[in-house]
Amino acid sequence: MVVTDIRVAAWRPGVSELVMQAGSVLMKTMKSCIPVVLAGIMLCGCAGLQNALKVQRPTASLQGVRLGEINLETAGLLFDVEIQNPYPVDLPLVDLDYDVQSGSSKLFSGLAKIGQTIPAKNKAIVTLPAKVSYLDVFNALKSFKPGATIPYKANVGLSVDAPAIGVIKLPLSQSGELAVPALPKPTDVNWQNLLEKVVPTN
């Protein structure tokens, strides 16, 4: 009986099989890393959003309200406001809406356009004017004697054009006392002089 000695060589992977195995391992590694990478991106995005929300905003405070020049057509209502501009560029002031009351009585309300700017990195107290009709002033103050002072509460919205943010409104409020001026009357006008200015005599 002849016994044949058969030896089976152990199978060894070729180059192509090794490449496929390495690719499979790499894909598994990448799949496991994707959630980590996405989480990192989300964290960075959230941090960036938080930083964006922490962008400095301008601040303002209402220092006082007073009446300016008054004639038979209009009166000047003046708001003294302290404004802090934290930006490296000028800060344009857009408009001012206001509501001034004395007790339960409304004195003045309206919207005034503003053409002023606050210089870069600067704090300043500026006077923001609003025009009120003479009739509104007369009706608001007719029951008070000239020289008297009346309590008031002013609620103001100051709109500014902030860089990288856009137009934002800064709510302001202040309570104080308003001095009542002497209001001009039609009888106070020198009509003869006024007519001579309008129609010069030869």
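Please treat every number below as a calculation from the coordinates, not as lab data. Bear in mind that the values here come from a model prediction, so they are computed numbers and not experimental data. Positions of Cβ are generated from backbone atoms using ideal geometry, with glycine treated the same way; all protein chains shown enter the neighbour counts.
Given Cα pairs under 8 Å that are at least 6 residues apart, what percent is the relative contact order of the stretch 56-167?
Details: 231 pairs, mean separation 36.1, N = 112.
Relative CO of the stretch 56-167 lands at 32 percent.
Exceeding 31 Å between C-alpha atoms, which entries from my cross-link table qualify? They are 106/185; 142/169; 123/185. Working shown, then result.
On the way: 106/185 22 Å; 142/169 33 Å; 123/185 40 Å.
142/169; 123/185, as the Cα separations exceed 31 Å there.
Around residue 107, which amide H atoms from residues at least 5 apart in sequence, or from another chain, sit under 5 Å from its own amide H, with H modelled in the peptide plane?
Here 100, 101, 102 satisfy the definition.
Please state, as a whole number in µm²/s, the translational diffusion coefficient that the Stokes-Einstein equation yields for the stretch 59-186 at 10 °C and 1.306 mPa s, with Rh defined as the Kirkwood radius across alpha carbon pairs. Write out the running numbers ahead of the final one.
Details: Rh = 15.4 Å.
It diffuses with D of about 103 µm²/s by this estimate.
Can you give the charge dipole size of the stretch 103-150 about its Cα centre, rounded to the nearest 20 debye, using +1 on the beta carbon of Lys and Arg and -1 on the beta carbon of Asp and Glu? Walk me through the numbers on the way to the answer.
Working: 7 positive and 1 negative charges, 24 e Å.
In total the dipole reaches around 120 debye.
Under a point spin-label approximation (7 Å from Cα along Cα-to-Cβ), what is the residue 72-residue 142 distance to one decimal in nm?
Simple spin-label model gives 1.7 nm for this pair.
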